[in-house]
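See structure below.
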Amino acid sequence: MPLLKLKKLVSDDPWVLQEVFSGKTDLSVVVPLAQLLEQELVAQPKERLGVRLSSDESLDDLKPLLKQVSLVEIYFEALRDGRGFSFARVLRREGFEGEIRASGEVSRDRLDYLYRCGFDSVLLQAPINEEQITTAYQEISVHYQADARNEQPIYRQAI
Amino acid sequence: MYIYNDVDQKIVDERVEQYRDQTKRYLNGHLSDDEFLALRLMNGLYIQRQAPMLRVAIPYGTMTSTQLRALSTISRKYDKGYGHFTTRTNIQFNWPKLEEVPDILADLAKVQLHAIQTSGNCIRNTTTDHLAGVSATEVSDPRPWCELIRQWSTLHPEFAYLPRKFKIAIASGPEDRAATQVHDVGLHLIQSAEGELGFEVLVGGGLGRTPKIGKVIREFLPANEVISYLEAILRVYNLNGRRDNKYKARIKILVDALGADAFRDLVEEEWQHLKGSELQITQEEIERVSDFFLSHDYNVYAAADTTLDLFLESNAEFKHWYLRNTHAHKVPGYRAVTVSLKPQLGAPGDITALQMDLVAELADRFSFGQIRSTHHQNLLLSDVEQSDLYSVWLALADANLARANIGTLTDMIVCPGFDFCSLANAKTLNIAQKINDAFDDVDYLHDLGDIRLNMSGCINACAHHHVGHIGILGVDKKGEDWYQITLGGSSEADASLGKVLGRAVAADEVADTLKRLLETYVELRKGDELFIDCVRRLGVEPFKERVYAVA
Ligand code: HEM
Ligand code: SF4
């Protein structure tokens, strides 16, 4: 699965998904939210702990744990399920400064929206080449709305 | 009329190329059916019974003559020489080819038109009062606010994959001509006691399977916070709306499930983060956009004309038309003229390329080059001098656009039904024709007065049948078309949902049933009591008794 980070293909990603959290490890692990909620005391250092939130789950459940993780992976359950876009915006507003990653039903035609909502990285299901990446991020070059990358809506942008 | 600046133009131009690329990838197999479906819907392209259907946005129902001519050209070049105006003031083409849609969009972009977000689960075209700017009772012109909302909602990165479609309508004052109470969000322009301009905000209206009247969640929202407040509403909806069942996914279901108060609390809580932020619209921007909608250069001597009275006295047909199809204007000596797209023969809302050209020409000659589409599926020339009315009437009559039926029974709102729509349960256009045949006596129609008839071919309620004074809903009974009739609905300031009259009737009984229904009204009305008032006073029962007694 290709991984895009800040609009670039990367191959040296440290994060591994651990469906069942097996306690402190030297790996950088991403753990499902439900697993993390079960742990009384998370011994894993923040730099190496990520959490995976499915678009079906509640963002409110995650909020108290935000200080303990440095990556939030938002898993899009379905192509038409757009909750993840709002999750990312709320996370940024809550002051979360770690990495926000999109996975699941995400693809090339939503890359720019993901970026604008505050996602740093995207785990794609289909291959993608450099040219396609450039187009995906540049095909619409001006934006009316304020977003997670630019607080200024069109009427406050200096153009 | 808003004119695009470089940014506006760039966005639609780039959108065309983006869509061209998406279509190309789909056609050469690089984009799955499912993925392309979501993308093409966000560009107004449905695949229907006959062919694809392309819905083009007419933002808040305003067009220039140049734009209308372009629509006419498109209908000739890519379609069968006609188009269909919808209840949300957009125009649909029923026969475009999938491969040609990018070219159509490119032609549209040249005249500052697009099909962005005319379908799909995103924020749709914002609609408003068709008498905006010319009504004497409006609090303020709603069009600048519609344009600001258009820009904010266009390609919004967060709200492109909502649980379901999202429709916003703005009323300009106490009279609601935009059916705002049956929209996901209804905004009513009001003035506070201190004279500040703002909106009363309603949410959760909508029709379809579960018809609901919207509920007020904020009595006064300062106008410059409308974007921040909408952003809060949409975020709450995007996060909490149901996604497990598409029939329960509209915001009205969420508002109902939580209760309006709890819903309001969520919105207000979210809004605390947004109000007073960068989202607040700058005074400069409000002025920039408002300047596009300043009053026209009206002729100050317009009311001095004496010819209108002469024509009214000497020509009864013209007088009928004048009384039904023209409307009061804030400037003395001017009228707003409805171009009736409800002819004796033909589908309600349909318009041919030739007719589009003619209306464009009339707009140039007599109405500052502008045309509006109304949510009743007609067109409007909003600023015609009274001395020109006779010429306008002659030209419209010649093109079969002057049927004097606006606001009467035959000014029906009708969806395309089974002939064009793959979701339909029943045909609608044939029934509309039968009604037209049964009620072709002008004097009788005028005597019946204001009656709103709305007919949908299935429960999706594209023609808003629940809020018709008379609503007709096509249902499928063992493979046959039947029609359920409701009475007493309204989409105006006194919005209400119609009540079922009784058992459904067969296709060939609809017109006769309406006849008996209206005979009953004529018998029971007090003086010049309107149909809707009579139904409200008496309830459905007396109508039910008479209508079914004979059958
Ligand atoms: C022929 C193709 C069409 C299709 C497939 C279609 C499909 C639908 C569907 C599925 C809904 C229900 C959505 C929901 O409630 O969640 C709907 C609603 C609606 N449609 Fe259409 N439609 C079509 C044509 C039209 C036309 C021609 C008009 C205008 C005359 C129209 C106006 C509307 C309106 C106003 C609603 C909202 C009703 C409400 O308030 O719930 N549609 N449409
Ligand atoms: S009401 Fe039903 S039949 Fe009519 S256009 Fe809408 S979906 Fe089609």
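The values are calculated or read from the model by the stated rules, or taken from the named source; none is laboratory data. Note that this is a predicted model, so its numbers are computed, not measured. A quick note on method: Cβ atoms are made from the backbone with ideal geometry, for glycine too, and the neighbour counts reach across all protein chains shown. Surface accessibility is based on the protein's heavy atoms, side chains included, excluding ligands, DNA and RNA. Shrake-Rupley method; radii C 1.70, N 1.55, O 1.52, S 1.80 Å.
Values as computed for the structure displayed
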quantity	calculated
Only one of B:230, B:234, B:258 that is on the phi < 0 side of the Ramachandran plot, away from ligand 2 (no atom under 16 Å from the Cβ), surrounded by 15 or more Cβ atoms within 10 Å (Cβ to Cβ) and free of Cβ contacts under 8 Å to residues at least 60 places away in the same chain	B:258
Test: residue in the stretch B:491-508 that is away from ligand 2 (no atom under 16 Å from the Cβ) and β-branched (Val, Ile, Thr)	yes
Matching residues, the stretch B:437-460, being open to solvent by less than 40 Å² (accessible area, probe 1.4 Å) and either touching a Gly at 6+ places or on another chain (Cβ under 9 Å) or assigned by TED's automatic domain parsing to the domain that holds residue B:247 (or both)	B:449, B:451, B:452, B:453, B:454, B:455, B:456, B:457, B:458
Residue tally, condition out of contact with any Gly (no Cβ under 9 Å at 6 or more places or on another chain), open to solvent by less than 10 Å² (accessible area, probe 1.4 Å) and in a strand (DSSP E or B), over the stretch B:152-198	3
Spans of helices (runs of 4 or more DSSP H) in the stretch B:383-452 with at least 2 residues within 22 Å of residue B:498 (Cβ to Cβ) and away from ligand 1 (no atom under 16 Å from the Cβ)	B:429-438, B:442-448
Among the residues listed as B:237, B:247, the single one being of a type in the set (Ser, Thr, Tyr), closer than 24 Å to residue B:158 by Cα, more than 10 Å from chain A (Cβ to nearest Cβ) and not in a loop (DSSP other than H, G, I, E, B)	B:247
The stretch B:405-425 residues that are farther than 29 Å from residue B:531 by Cα, paired with ones that are more than 12 Å from ligand 1 (Cβ to nearest atom) and open to solvent by 30 Å² or more (accessible area, probe 1.4 Å) (beta carbon under 7 Å, 6 or more apart)	B:418/B:427; B:419/B:427
Residue identified as more than 18 Å from the chain's Cα centre (by Cα) and either basic (Lys, Arg) or not in a helix (DSSP H, G or I) (or both) among B:529, B:523, B:492	B:529
Residues located in the stretch B:276-312, provided they are assigned to a helix (DSSP H, G or I) and either in contact with a Ser or Thr (Cβ under 6 Å, 6 or more places away or on another chain) or at pLDDT below 95 (or both)	B:307
Residue count, the stretch A:109-125 (criterion: within 11 Å of chain B (Cβ to nearest Cβ) and open to solvent by less than 30 Å² (accessible area, probe 1.4 Å))	9
One residue from B:510, B:475 being aliphatic (A, V, I, L, M), away from every other protein chain (no Cβ under 14 Å), away from ligand 1 (no atom under 14 Å from the Cβ) and not in a helix (DSSP H, G or I)	B:475
Residue within the stretch B:429-447 that is without any contact (Cβ under 8 Å) to a residue 12 or more places away in the chain and either within 27 Å of residue B:246 (Cβ to Cβ) or near ligand 2 (Cβ under 10 Å from one of its atoms) (or both) present	no
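Every residue, every condition in (1) more than 14 Å from chain A (Cβ to nearest Cβ); (2) crowded, with 21+ Cβ neighbours inside 10 Å; (3) of a type in the set (Lys, Arg), yes or no:
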site: B:19; (1), (2), (3): no, yes, no
site: B:27; (1), (2), (3): yes, no, no
site: B:37; (1), (2), (3): no, no, no
site: B:56; (1), (2), (3): yes, yes, no
site: B:71; (1), (2), (3): yes, yes, no
site: B:80; (1), (2), (3): yes, no, yes
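Residues checked against (1) closer than 29 Å to residue B:464 by Cα; (2) open to solvent by 10 Å² or more (accessible area, probe 1.4 Å); (3) in contact with a Lys or Arg (Cβ under 6 Å, 6 or more places away or on another chain):
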position: B:335; (1), (2), (3): yes, yes, no
position: B:341; (1), (2), (3): yes, no, no
position: B:348; (1), (2), (3): yes, no, yes
position: B:358; (1), (2), (3): no, yes, no
position: B:368; (1), (2), (3): no, yes, no
position: B:373; (1), (2), (3): yes, no, no
position: B:379; (1), (2), (3): yes, no, no
position: B:389; (1), (2), (3): no, no, no
